[in-house]
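S.K.: Would you mind keeping the following structure in view while I ask a few things?
The values are calculated or read from the model by the stated rules, or taken from the named source; none is laboratory data. Please read all numbers here as calculations on a predicted model, not as lab measurements. Cβ placement follows ideal geometry from the backbone for every residue including glycine, while neighbour counts extend to all protein chains displayed. Just the protein is used for accessible areas: all its heavy atoms, side chains included, with ligands, DNA and RNA removed. Shrake-Rupley method; radii C 1.70, N 1.55, O 1.52, S 1.80 Å.
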Amino acid sequence: MKQGDLVVRKSYGGDVLFRIESLRDNQLAVLKGTDYRLLADSPLLDLAVVNDPDSTQASQQVRIKVKESMRRMQEKRPPLQEDDPLRLASQTSQSQSNANHPFYEMPGKVLHLDGDSNYLRKSMQLYSQMRVPAHGVHVHEGQMPELLYRLLPELKPDIVVITGHDGVLKNRRQEDLGSISSYKNSQNFVNAVRVARDYEKNRDSLVVVAGACQSHYEALLQAGSNFASSPGRILIHALDPVYIAIKASATPIRETIDLPDVIHGTISGIEGIGGVETIGRLRKGLPKPKWVKAPATASTSI
């Protein structure tokens with residue numbers, strides 16, 4: 001086996017597809033989930049190489065869930081037309097005067113910090129597809145607090161996504177689940193959330209989505225997140241935080257985000273993502289500007 005190989009763990013019944021991130025002493029492999037935001041390690045003897053990832057039952061089940069989540073997202077917010085960078089609001093309930101001067105929409109801007117470059121690339125593709133303006137940065141989880149301190153006043157986002165890899169440590173007692181030291185990266189996420197809340201204390205002015213697989217949900221909420229993972233300490237899909245961010249970006253500022261709808265619309269569901277009442281970040285404008293740039297996405301690596 002070598003770095004980059006796709007593998008599954010025999011002792012777990014091949015439930016999750018991983019990519020080998022690195023090898024230690026040719027006995028232990030550091031693994032990153034290909035679909036789930038999970039960081040793990042495993043003895044090489046417990047691993048089986050997967051030559052055709054599409055043939056695994058785990059991948060097939062994930063693809064079904066992803067398609068359903070994408071369908072729901074498309075239904076709730078259809079993509080903009082290529083020749084119209086700002087989506088016209090529905091005029092069915094507008095007066096005749098407003099019908100002559102249609103509203104335009106300004107979706108909330110996202111700053112997305114991701115500890116995994118592959119997940120960031122997939123996330124930025126989805127933001128672009130849904131016409132959500134987003135700036136993505138690949139950065140190690142431990143560097144996120146310092147980076148946020150610099151980027152927040154520079155970019156002034158409406159929504160911040162703080163995610164990457166996490167997981168519950170193997171060598172801990174069951175009762176230690178309440179201790180943040182029992183998690184691989186939850187403390188880093190909490191520190192980053194605190195920086196965001198020091199910058200903007202109002203949860204409706206800056207929406208924070210934080211966490212990864214098995215993250216300390218309660219600690220993230222207490223630190224100031226609007227949405228966080230993982231209430232059931234389960235694996236969350238790589239795109240779940242993106243789904244939440246897109247919903248926040250597309251929900252009108254006069255409305256609260258529909259919690260049951262947005263949570264059950266994720267791939268992981270209510271055991272994977274939770275949150276508190278939050279006002280949307282979509283604004284309407286009138287009249288439509290004559291010269292407007294389309295919502296842009298951009299990504300960098302630190």
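S.K.: Leaving out ligands, DNA and RNA, and with a 1.4 Å probe, what % of the accessible surface on the stretch 3-54 is carbon or sulfur?
M.R.: Ligands and nucleic acids excluded, carbon and sulfur give 45 percent.
S.K.: Averaged per residue, what accessible area in Å² does the stretch 172-278 show with a 1.4 Å probe, protein chains only?
M.R.: 37
S.K.: Can you pull out the trypsin sites (Lys or Arg not before Pro) in the stretch 262-302 whose DSSP state is coil and whose Cβ has at most 16 other Cβ atoms within 10 Å?
M.R.: When the trypsin sites (Lys or Arg not before Pro) of the stretch 262-302 are filtered for loop state and at most 16 Cβ neighbours within 10 Å, Lys290, Lys293 remain.
S.K.: Expressed as a whole percentage, what fraction of the accessible surface of the stretch 175-302 belongs to carbon and sulfur atoms when a 1.4 Å probe is rolled over the protein heavy atoms?
M.R.: So the carbon and sulfur contribution to the accessible surface is 51 percent.
S.K.: Heavy atoms of the protein only, probe of 1.4 Å, neighbouring chains included. What is the accessible area of Phe227 in Å², nearest 10?
M.R.: Rounded to the nearest 10, the figure is 0 Å².
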